[in-house]
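Worksheet for the structure shown next.
The values are calculated or read from the model by the stated rules, or taken from the named source; none is laboratory data. Quantities reported herein were computed from a predicted structural model and do not represent experimental measurements. Cβ placement follows ideal geometry from the backbone for every residue including glycine, while neighbour counts extend to all protein chains displayed. Protein only, heavy atoms only, side chains kept; ligands, DNA and RNA dropped before computing areas. Shrake-Rupley method; radii C 1.70, N 1.55, O 1.52, S 1.80 Å.
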Amino acid sequence: MKIAFLTTRPSKPSYRFRIEQMVPYFTARLHQCDTFFLPTNAWSRLLLYRKLAPYDAVVLQKRLVSRVELLVLRSVARRLIYDVDDAVMYASNGDDHPRRRGRFAATVRAADLVLCGNQFLADEASRDTDRILVVPTCINTDVYRPGLKTAASQTVTIGWTGSRSTNAYLNEVFHALCQMHGPVEIKIISDTVDGFDFSRLGHVPHVFVPWSPKSEILEAATFDLGLMPLPQNRWTQGKCGFKALQYMALGIPAVCSPVGVNRDIIHDGVDGLFAATLQDWFPVISRLLKDSFLREAIGRAGRRRVEEAFSLATHGPRFVSAIEKTASTMRKSA
């Protein structure tokens, strides 16, 4: 088969972990895969769509296009698959967004299959279609693995990894981190410092590491525990818990807000820990700082959890099989 993937940019996590790392599973099945990064100009996108007629399936990754573009894309694509791993039907603060909602509804109705990163997104899509499969954003456990930390240290590193869109979430736990004492360091990995208020950390030493695809895993592997704070709203309920999964795959205990899919990923106190309120972050983190054996035990259990339920080896073949099946069946009317 010939399969075209339409996405936005190569550095975007949704592309890297829901499309790029899946491609070897397609090529192993002798399928031809081509990735097209959508131009910012609408006319250029329309010209691109005209090139898609020879493909057996077109996978639109996350992007919501205009009704006109969707009509053109639907008329050209033999089979159209929509992959979504964020609550794109809402504003980034979780508020209703009529235009996004309308475009999302039109897209899932037009698609022959909707691949959703979690059940919340599947429930949103189910308002307009029943052609849905949940495939979680998953981890390559051959690449993310425990034991990558190269040097022992008396300093305990509390880490966070993210990007511009989630930087501000970390500010909410700075009040807890600034109360830490002893040999503690905060390490933050992101593509920009925009959105952080480091003054809230007070005396606690911190280091900012610019995100790089070449160093992201090794830098995260230096964490002794990882944080994933989230506010509670409809946008964050659409998140796929990837920060937590990264930490867990590396054997690092994850401390997370019990929001959205995090509640499905983590068994509190077993393979991760929850901080349900702002007041919970300090005692939960302090507990891990004081007990290296607890950190190791939760880290090991987290790794097992990822291997069992969120590994690329499990979900890569499911992803390929779903697209193969969709591409080989007759188009159903929306």
>> Between 140, 118, which is in contact with a Pro (Cβ under 9 Å, 6 or more places away or on another chain) and among the polar types (S, T, N, Q)?
In response: 118
> Looking only at the range 52-78, which residues are of a type outside the set (A, V, I, L, M, F, W, C), open to solvent by less than 30 Å² (accessible area, probe 1.4 Å) and touching a Leu at 6+ places or on another chain (Cβ under 7 Å)?
Replying inline: 61, 69
> Picking from 64, 71, which residue would you name as being assigned to a loop (DSSP other than H, G, I, E, B) and among the aliphatic types (A, V, I, L, M)?
Replying inline: 64
> Which of (1) polar (S, T, N, Q); (2) free of Cβ contacts under 8 Å to residues at least 60 places away in the same chain; (3) touching a Lys or Arg at 6+ places or on another chain (Cβ under 7 Å) does residue 222 not meet, given it meets every other one?
Replying inline: (2)
> For the subset of the range 146-169 comprising residues that are surrounded by fewer than 18 Cβ atoms within 10 Å (Cβ to Cβ), among the hydrophobic types (A, V, I, L, M, F, W, C) and closer than 14 Å to residue 219 by Cβ, which member is modelled with the highest pLDDT?
Replying inline: 148
> residue 324 is checked against (1) open to solvent by 60 Å² or more (accessible area, probe 1.4 Å); (2) modelled with pLDDT of 95 or more and fails just one. What number does that condition carry?
Replying inline: (1)
> Restricting the search to the range 53-88, which residues are among the polar types (S, T, N, Q) and over 11 Å from residue 110 (Cβ atoms)?
Replying inline: 61, 66
> How many residues does the range 3-50 contain that are over 19 Å from residue 139 (Cβ atoms), touching a residue at least 12 places away in the same chain (Cβ under 8 Å) and aromatic (Phe, Trp, Tyr)?
Replying inline: 4
>> Anything in the range 170-194 that is of a type in the set (Gly, Ala, Ser) and open to solvent by 50 Å² or more (accessible area, probe 1.4 Å)? List them, or say none.
In response: 182
>> Would you confirm, using the coordinates I've provided, whether residue 218 is out of contact with any Asp or Glu (no Cβ under 8 Å at 6 or more places or on another chain) and either surrounded by fewer than 20 Cβ atoms within 10 Å (Cβ to Cβ) or over 22 Å from residue 303 (Cβ atoms) (or both)?
In response: yes
>> Take the residues in the range 285-311 that are more than 23 Å from the chain's Cα centre (by Cα) and charged (D, E, K, R); name whichever of them is most open to solvent (accessible area, probe 1.4 Å).
In response: 290
> Under 7 Å by Cβ, and 6 or more places apart or on different chains, what pairs join a residue from the range 63-85 that is over 24 Å from residue 117 (Cα atoms) with one that is outside any helix (DSSP H, G or I)?
Replying inline: 76/53
> Which residues, counting only those in the range 216-249, are assigned to a loop (DSSP other than H, G, I, E, B) and of a type in the set (Phe, Trp, Tyr)?
Replying inline: 223
> Does any residue of the range 40-51 turn out to be under 30 Å from residue 234 (Cα atoms), open to solvent by less than 40 Å² (accessible area, probe 1.4 Å) and of a type in the set (A, V, I, L, M, F, W, C)?
Replying inline: no
>> Name the single residue that is least open to solvent (accessible area, probe 1.4 Å) among those in the range 109-145 being under 20 Å from residue 324 (Cβ atoms) and of a type in the set (D, E, K, R).
In response: 112
> Tally time: how many residues in the range 250-282 are closer than 19 Å to residue 158 by Cβ, in contact (Cβ under 8 Å) with a residue 60 or more places away in the chain and in a helix (DSSP H, G or I)?
Replying inline: 3
